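Enquirer: Here you go, one structure.
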Amino acid sequence: NTEGGPLRWLNGMATAPDGSVYYTENRAVRRITPEGKLTIVAENVTLSGCDSVPGIGADLAPYFRGLDVDAQGTVYVAATGCGAVLKITADKKVTTVLRASRPWSPTGVAVSGDDLYVLEYFHTASDNRREWLPRIRKLTSDGRVVTVATINRR
């Protein structure tokens, strides 16, 4: 909200090295500068090949969740409703850096050095969250994807 009123949705939040606070809504990434100015990082993003994830309505896609910001101000955001992780540069160029195979879907991201860690869940249409198995994958700077951990509750 540009007038400082209540936020409608707040799905994820991260701070940047410059002191800015970034947050996600279902279809937008916004930034609040240290001076309190609200700016749009990305809004109404559409992804080609967006395959809705079970249990998340297609009307919410891309359904942005967790995000992080690197030292250069590049934003990485989990597009949970599309099973993807997006990279948003300072000049607002949006690219897909990772696609999860269905029914896995990213919900959180963390930048560490040149690597990107992604928390994914095995989404089902069930309301039983014990069926939503988590895993962590790492995207390395050379583009390799490594599974770091998977929890199996079955």
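Enquirer: Return the residue satisfying two criteria in turn: it lies in the stretch 1-20 and is farther than 16 Å from residue 74 by Cβ and in contact with a Lys or Arg (Cβ under 8 Å, 6 or more places away or on another chain), and of such residues it is modelled with the lowest pLDDT.
Expert: This residue is 1.
Enquirer: I'm checking my understanding of the structure. Among residues of the stretch 21-57 that are under 16 Å from the mean Cα position of the chain (by Cα), among the small types (Gly, Ala, Ser) and modelled with pLDDT of 85 or more, which one is surrounded by the most Cβ atoms within 10 Å (Cβ to Cβ)?
Expert: Residue satisfying both the conditions and the ranking: 42.
Enquirer: Any residue at all in the stretch 80-96 that's in contact (Cβ under 8 Å) with a residue 60 or more places away in the chain and open to solvent by less than 20 Å² (accessible area, probe 1.4 Å)?
Expert: No, the stretch 80-96 has no match at all.
Enquirer: While we're looking at this one, here's another question. Please state which of the following conditions residue 118 fails to meet, knowing it meets all the rest: (1) open to solvent by 40 Å² or more (accessible area, probe 1.4 Å); (2) touching a Lys or Arg at 6+ places or on another chain (Cβ under 7 Å).
Expert: So residue 118 meets the others, but not (1).
Enquirer: Would you point out the residue of the stretch 125-149, among those that are of a type in the set (Val, Ile, Thr) and touching a Leu at 6+ places or on another chain (Cβ under 7 Å), that is surrounded by the most Cβ atoms within 10 Å (Cβ to Cβ)?
Expert: Out of the qualifying residues, it is 136.
Enquirer: Hey, another quick one. Within the stretch 58-79, take every residue that is open to solvent by 50 Å² or more (accessible area, probe 1.4 Å) and touching a Gly at 6+ places or on another chain (Cβ under 7 Å) and give me the one that is modelled with the lowest pLDDT.
Expert: The residue in question is 60.
The values are calculated or read from the model by the stated rules, or taken from the named source; none is laboratory data. Everything quoted here is computed from the prediction, not taken from an experiment. Reconstructed Cβ throughout: ideal geometry from the backbone, glycine too, with neighbour counts over all protein chains shown. For accessibility, only protein heavy atoms count, side chains too; no ligands or nucleic acids. Shrake-Rupley method; radii C 1.70, N 1.55, O 1.52, S 1.80 Å.
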